[in-house]
Amino acid sequence: MKHSPAPITQQIRVLIADDHPVVRQGLATTLKSQKDIKIVAEAADGEEACELYDQFSPDVLMLDLRMPKKDGLQVVTQLMSRRGSKPRIIVMTAYDTEEDIRQALKAGAKAFLVKAAHPRQIREAVRKVAAGQALLQPEIASKLAESMARPDLSNRETEILQYLARGRSNKEIGLILYISEGTIKHHVKSILRKLDAIGRSEAMAIATRRGLIRVS
C-alpha cells in the first residue's frame, strides 16, 4: 500500500530586530528548532530593521523596543503607515511599563512580550501573530487593563511632568514653556489628581514606574 507524501507546511518567515547580539542569538536558537519557522534576517538597529523588512517581507517581525537610530515605536509607526498589507509585529522588551504597552499596541503591534518570556511563549506568539491573531501575556494584559481605567495625562501635563522629574521649579518650567506660574500650578494639581499622588515625590515614583517619564 502506497502512502501519500506528507504535505509540505509553509514556514513562517521571521525577521529579528534587536541591538544585543546575545538576545538575537537566543531568539534565533529558540525559533530555529521549529520546522515551521525560518529566520530570514537579523537587524541590529531600527533603520536596518526597516531596510530588511522591505527586502525580505517577513511574515512576522520580532522587534526590540529600545534600539539605536530608530526605536521600536518609530519602526512600528513607519511600517504601519505604508500602503498594502500591514506588518505583523511582536514587540519584545526588557521593560513592561504600562506606557510602553499602550504605545506599542496603539502603534499597531500584534503582541507584546517581555524578554524573560519562556521559549514556548515566544514560539506560540510567532505562530499566533503569523495567523493574524493578537497575543498578550496575562500579566501584560492585566497591566493594560489597569492603565486603560485611569485618566490619561495631556501632552502638556506629560511635558511638565518630565521637567518636574529633572528638578525644575514651577517658575522655571513657566519660563521654559512661556506660560504663567499659575498655569503650571494648575497643571501640577491635575497631574497629582490623575496619578492619585499626594505630592510631587510620589507622582515622580508613580510616573517612573508606569513609564510615563524617562529618568536618565
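Looking at this structure, is Gln34 of a type in the set (S, T, N, Q) and part of a loop (DSSP other than H, G, I, E, B)? Yes; evaluated as a whole, the condition is true for this residue. When the residues of region 5-43 are filtered to those that are hydroxyl-bearing (Ser, Thr, Tyr) and open to solvent by 40 Å² or more (accessible area, probe 1.4 Å), the one that is modelled with the highest pLDDT is Thr29.
The criterion of at least 1 residues that are under 13 Å from the mean Cα position of the chain (by Cα) is met by the following helices (runs of 4 or more DSSP H) wholly inside region 51-134: 72-80, 98-107.
The values are calculated or read from the model by the stated rules, or taken from the named source; none is laboratory data. Just so it is clear, the model here is predicted, and its values are computed rather than measured. Keep in mind that these areas ignore ligands, DNA and RNA; they rest on the heavy atoms of the full protein, side chains included. Shrake-Rupley method; radii C 1.70, N 1.55, O 1.52, S 1.80 Å.
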